[in-house]
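One structure below.
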């Protein structure tokens, strides 16, 4: 009986995590990590609610803590991504490249060919 519950939970978690795999192919690593954290938080939160309804408070508490942690990581990554911007360089009225910036720090330079 417990094995069927465990397999159902594992199956639901796989559906949540892999459900957006086609959209994840075209994303950058940073964007993919951020979206994975969001999906993990949603999945763990749903499982925490399920476990609390079924009467397993210890597992529900652990899953809820995991969901909160994943949500915090998602928010941190979202804010860091919003702070990233490009500082373009021009020569004779044409763009020649840009600096990828995080806040005021130059991360890397990309040159147009």
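Worth pointing out:
- Whichever residue in the stretch 54-89 is at pLDDT below 90 and farther than 20 Å from residue 41 by Cβ and, among such residues, is farthest from the chain's Cα centre (by Cα): 89
- Checked against the criteria, residue 42 does not count as surrounded by fewer than 14 Cβ atoms within 10 Å (Cβ to Cβ), modelled with pLDDT of 90 or more and at negative phi.
- Set 46, 80: member being assigned to a helix (DSSP H, G or I) and either touching a residue at least 40 places away in the same chain (Cβ under 8 Å) or within 30 Å of residue 113 (Cβ to Cβ) (or both): 80
- Screening residue 94 against (1) within 21 Å of the chain's Cα centre (by Cα); (2) at pLDDT 85 or above; (3) not assigned by TED's automatic domain parsing to the domain that holds residue 35 leaves a single unmet condition, (1).
The values are calculated or read from the model by the stated rules, or taken from the named source; none is laboratory data. The model shown is predicted, which means the values in this text are computed figures rather than measured ones. Don't worry about glycine lacking a Cβ; one is built from the backbone with ideal geometry, like all the others, and counts go over all protein chains shown.
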